[in-house]
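Heads up, the thing below is written out as structure tokens.
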Amino acid sequence: NPDDMHALEAALAVKDQYEGSRVTVVSMGPPQAEEALRQCLALGADDAVLVTDRAFGGADTLATSYTIASAIRHIQRTMNRQFQIIFCGKQAIDGDTAQVGPQIAEKLNIPQVTYAADIKKEGNCLTVKRLLEDGYMTVQVQTPCLVTCVKELNEVRYMTVKGILECWDKPLTVLDYNALKDEPLIDPTTIGLKGSPTNVFRSFTPPQKGAGQILGGTAEEAAKELAGLLAKKHAI
């Protein structure tokens with residue numbers, strides 16, 4: 001998802017700023033999602049985790065958040081990686097719900113800040129400028145936390161030849177159902193289709209609105225003509 005690239009860039013910016021930082025990218029998807037993860041490694045991420053299994057297929061946002069939150073807990077417990085910040089894209093480009101990131105934060109019981117257009121980190125505190133429909137909101141949050149990122153946050157860096165060559169030597173771990181089944185949140189009733197209380201019945205493009213009609217004459221004449229048109233459509 002394009003927004004995820006801005007989340008990755010935000011993580012890499014923190015890594016550039018703080019020596020010793022490490023960036024792990026996580027994706028839930030089919031085996032071919034490895035290609036996208038390799039691109040993240042080429043851009044500068046240190047390692048990647050692919051969460052993939054038929055048991056996870058058909059998940060809605062709730063089931064997806066259960067699975068990814070469990071994967072994050074598994075990474076912390078088995079790989080000795082204690083995260084400070086989880087960066088997510090604002091939303092996916094298919095469902096456009098913007099729900100998975102916040103739901104992951106809820107499952108991990110950590111604070112969240114959505115729609116980040118600017119982030120400043122000082123110690124264990126983040127100052128985040130949120131992009132809203134009618135302006136901005138600035139909030140502060142303590143780490144560990146989760147932040148969802150919008151495209152206005154940054155400009156994604158380009159891959160380097162060195163990065164492309166090294167991405168194939170960086171570790172990529174695959175986690176399937178058997179790897180995660182002992183995690184507290186993982187259960188046949190919380191993942192995949194069985195764990196999805198919602199499903200998409202039909203997707204369609206809304207019909208385009210027709211061209212508008214401009215009424216001429218004086219204000220009184222235009223009002224009279226408008227009333228006549230609305231009456232013909234039984235709107236009044």
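Residues that are small (Gly, Ala, Ser) and at pLDDT 95 or above within the stretch 1-28 comprise Ala7, Ala10, Ala11, Ala13, Ser27, listed in sequence order. Among residues of the stretch 153-186 being without any contact (Cβ under 8 Å) to a residue 40 or more places away in the chain and of a type in the set (Asp, Glu), the one that is nearest to Val14 (Cα to Cα) is Asp169.
Looking at the structure I just gave you, is Gly95 on the phi > 0 side of the Ramachandran plot and either at pLDDT below 95 or outside any helix (DSSP H, G or I) (or both)?
Against the criterion (on the phi > 0 side of the Ramachandran plot and either at pLDDT below 95 or outside any helix (DSSP H, G or I) (or both)), Gly95 does not qualify.
Return yes when Ala223 is modelled with pLDDT of 85 or more, over 30 Å from Gly58 (Cα atoms) and surrounded by 10 or more Cβ atoms within 10 Å (Cβ to Cβ) and no when it is not. Answer is yes for this residue. Number of residues in the stretch 31-68 that are open to solvent by 30 Å² or more (accessible area, probe 1.4 Å), free of Cβ contacts under 8 Å to residues at least 24 places away in the same chain and either in a loop (DSSP other than H, G, I, E, B) or aliphatic (A, V, I, L, M) (or both) equals 1.
Each row is one residue, and each column tells you yes or no for (1) charged (D, E, K, R); (2) closer than 30 Å to Phe201 by Cβ; (3) touching a residue at least 24 places away in the same chain (Cβ under 8 Å).
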site: Glu9; (1), (2), (3): yes, no, yes
site: Ala71; (1), (2), (3): no, yes, yes
site: Thr78; (1), (2), (3): no, no, no
site: Ile86; (1), (2), (3): no, no, yes
site: Pro111; (1), (2), (3): no, no, yes
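Residues in the stretch 69-104 that are touching a strand residue (DSSP E or B) at 6+ places or on another chain (Cβ under 8 Å), under 18 Å from Leu180 (Cα atoms) and open to solvent by less than 30 Å² (accessible area, probe 1.4 Å): Ala71, Ile72, His74, Ile75, Ile104.
The values are calculated or read from the model by the stated rules, or taken from the named source; none is laboratory data. Not measured: the values here are computed from a predicted model. A quick note on method: Cβ atoms are made from the backbone with ideal geometry, for glycine too, and the neighbour counts reach across all protein chains shown. Heads up: the accessible areas ignore ligands, DNA and RNA and are worked out on the full protein's heavy atoms, side chains in. Shrake-Rupley method; radii C 1.70, N 1.55, O 1.52, S 1.80 Å.
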